[in-house]
Amino acid sequence: MGKKGRVLIIDDDPKILELLSKALKDNYSVFSSLTGSGGLEIFKNEILDAALVDIKLPDMDGLDVLVDIKKTIPDFPVIIITGHASIPLAVKAMKLGAFYFVKKPFELEEITSLLDKAIEHSRLLRDYRRLQNIASEKYSFSGIIGRSKKMKEIFEIIKLVASTDVTVLIEGESGTGKELVAKAIHVNSPRKDKNFVPVNCSALPETLLESELFGYKKGAFTGAATSKPGLFEEADGGTLFLDEIGSTSPAFQSKLLRVLEDGMFYHLGSTKPVKVDVRIIAATNVSLEEAVQKNLFREDLFYRLNVVKLRLPPLRERRNDIPLLVNHFLKYYANKHNKNIKGVSDKALALLVNYHWPGNVRELENVIERAVILTTTDTIDEHLLPDKMYRADITLSETEIMNYKKAKEIFERNYLTNLLRHTKGNVSLAARIAGQRRQNLYIKFKYLGINPKDFI
Ligand SMILES: Nc1ncnc2c1ncn2[C@@H]1O[C@H](COP(=O)(O)OP(=O)(O)OP(=O)(O)O)[C@@H](O)[C@H]1O
Ligand SMILES: [Mg+2]
């Protein structure tokens, strides 16, 4: 297997240097130096992805090494290591742009996981610069932007299934592009000249959903003053997209199953069968398999829908699509809002790339549009991004398993920034809501490098 990246280690303790070099050399190309100046020399001459820098060095302060590195390459991730951890020192390092701050003794796993994040981060930033001049259309399929391995696989499956009539089940978190993919299947299929009819199964009460889908005969129920064809008929020859199928009731599911099996249905209040030729694509943001196990979803319908399953990965599992999407939405919204925008600042990009995006591409799109509207210059600066993204540390996804202390720290930072945003920086009020003493909160703010004044 190839190396994951090129790493520089600067530490005055030969034992630590040796230990780290040995432990890392299988997976990384390791460069090391016992002095700050020696390390900076290597930094000048080599192309590197990340650095681990001890604070106490014989010839200079590790923080000055950090500053020097940042002057040359502002994006470059530097992980600071120290034996004498103090909170003000950690805060200072983060303020100077350190990627992370690690206390000795550390666990090797902690170092490698940080290095992997730092390397990925470096690569993504480099990518962004390179991609800025390339049209995002080059990396897209039917309007779906992506260049990650996972998205390329999705493009291939779309091409394969589009030419057939097979039922497709699309699974993915909210905002991952399920509807976009369903449309792409339709427009690349022989049905493209007929209708693509989306139905959000969770938006309507079930009786209404049924009358929408199947249509009704005049007088079928109170208020049915005229007959109305159903969406199944509207989609005849085309594609019906059943969105949020997981939220329907078993009773509705059996009715749907019957239509799918027989290829025909009845208008409500009518006994005359209606025959249609409809391709079905269904989408869900909950796992239907689990719903089946919990008896919330009919197994027979599940098998009927799940002929081909497409799982759309959340954005945080394909971070290398982020720079591309940022560029794409930036161009789109700059144009839409008549603004001349060159790009995003390094810091802003770093935040965008590291955020865990619970709302996926839709959330990213909204964040970019908002920033485009708010900016008064030709660059998107980090202060135009929502506070929740504006943190000194790398953001880890909620599902990531990590050291307990670190998880707690991330929770606290999240909680406290939300709280301060809510109280607009009022610490007394924050303390009252949290049921904590004010002094206690101040200690936490100091430790986490949070300034309540930033929220006023
Ligand atoms: N890969 C992508 N490239 C470009 N735009 C995308 C991509 N994925 C999603 N989008 C955009 O993000 C927004 C949300 O996408 P979409 O509505 O398809 O998501 P969804 O999975 O159906 O979400 P929900 O479950 O909330 O309905 C849309 O504006 C869509 O155009
Ligand atoms: Mg949707």
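The values are calculated or read from the model by the stated rules, or taken from the named source; none is laboratory data. These figures come from a predicted structure and were not determined experimentally. Note that we place each Cβ from the backbone using ideal geometry, even for glycine, and neighbour counts take in every protein chain shown.
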For segment 313-342 the number of residues that are more than 14 Å from ARG147 (Cα to Cα) and surrounded by fewer than 18 Cβ atoms within 10 Å (Cβ to Cβ) is 9
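Out of all the residues in segment 188-205, is one or more assigned to a helix (DSSP H, G or I) and either under 19 Å from PHE302 (Cβ atoms) or touching a helix residue (DSSP H, G or I) at 6+ places or on another chain (Cβ under 7 Å) (or both)? Can you show your working first?
Initial filter on segment 188-205 (assigned to a helix (DSSP H, G or I)): none.
Checking segment 188-205: not a single residue is assigned to a helix (DSSP H, G or I) and either under 19 Å from PHE302 (Cβ atoms) or touching a helix residue (DSSP H, G or I) at 6+ places or on another chain (Cβ under 7 Å) (or both).
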Would you confirm whether or not segment 114-133 contains a residue that is more than 31 Å from the chain's Cα centre (by Cα), within 21 Å of ASP13 (Cα to Cα) and part of a helix (DSSP H, G or I)?
no
For segment 233-250, the count of residues that are within 12 Å of ligand 1 (Cβ to nearest atom) and touching a helix residue (DSSP H, G or I) at 6+ places or on another chain (Cβ under 6 Å) equals 2
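Picking from ILE16, ILE47, ILE73, ILE81, which residue would you name as being crowded, with 21+ Cβ neighbours inside 10 Å and out of contact with any Cys (no Cβ under 8 Å at 6 or more places or on another chain)?
On the way: ILE16 fails: crowded, with 21+ Cβ neighbours inside 10 Å; ILE47 fails: crowded, with 21+ Cβ neighbours inside 10 Å; ILE73 fails: crowded, with 21+ Cβ neighbours inside 10 Å.
The conditions single out ILE81.
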Sole miss for LEU260 among (1) under 24 Å from the mean Cα position of the chain (by Cα); (2) part of a helix (DSSP H, G or I); (3) surrounded by fewer than 22 Cβ atoms within 10 Å (Cβ to Cβ) is condition (1)
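May I ask you to verify whether LEU312 is within 11 Å of ligand 1 (Cβ to nearest atom) and under 20 Å from LEU169 (Cα atoms)? So that I can check it myself, show each step before the final result.
Details: within 11 Å of ligand 1 (Cβ to nearest atom): yes; under 20 Å from LEU169 (Cα atoms): yes.
Yes.
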Picked from segment 344-394 (must be among the small types (Gly, Ala, Ser) and at pLDDT below 90), the residue farthest from ligand 1 (Cβ to nearest atom) is ALA392
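Here is a check on your reading of the model: is TYR332 in contact with a helix residue (DSSP H, G or I) (Cβ under 9 Å, 6 or more places away or on another chain) and either at positive phi or in contact (Cβ under 8 Å) with a residue 40 or more places away in the chain (or both)? Break it down stepwise before answering.
On the way: in contact with a helix residue (DSSP H, G or I) (Cβ under 9 Å, 6 or more places away or on another chain): yes; either at positive phi or in contact (Cβ under 8 Å) with a residue 40 or more places away in the chain (or both): no.
No: the conditions fail for TYR332.
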Cβ pairs under 6 Å, 6+ apart or interchain, first in segment 339-355 and outside the structural domain of VAL367 (by TED's automatic domain parsing) and touching a residue at least 24 places away in the same chain (Cβ under 8 Å), second in a helix (DSSP H, G or I) and charged (D, E, K, R), ordered by first then second residue, are none
Here the qualifying pairs (Cβ atoms under 9 Å; residues six or more apart or on different chains; first in segment 361-372 and under 16 Å from LYS178 (Cβ atoms) and outside the structural domain of LEU180 (by TED's automatic domain parsing); second aromatic (Phe, Trp, Tyr) and not in a helix (DSSP H, G or I)) come out as GLU363/TYR355; GLU363/TRP357; LEU364/TYR355; LEU364/TRP357
For segment 243-256, pairs from a residue that is closer than 10 Å to LEU301 by Cα to a residue that is part of a loop (DSSP other than H, G, I, E, B) and away from ligand 2 (no atom under 15 Å from the Cβ), with Cβ under 6 Å and 6 or more apart or across chains, are PRO250/ARG298; GLN253/ARG298
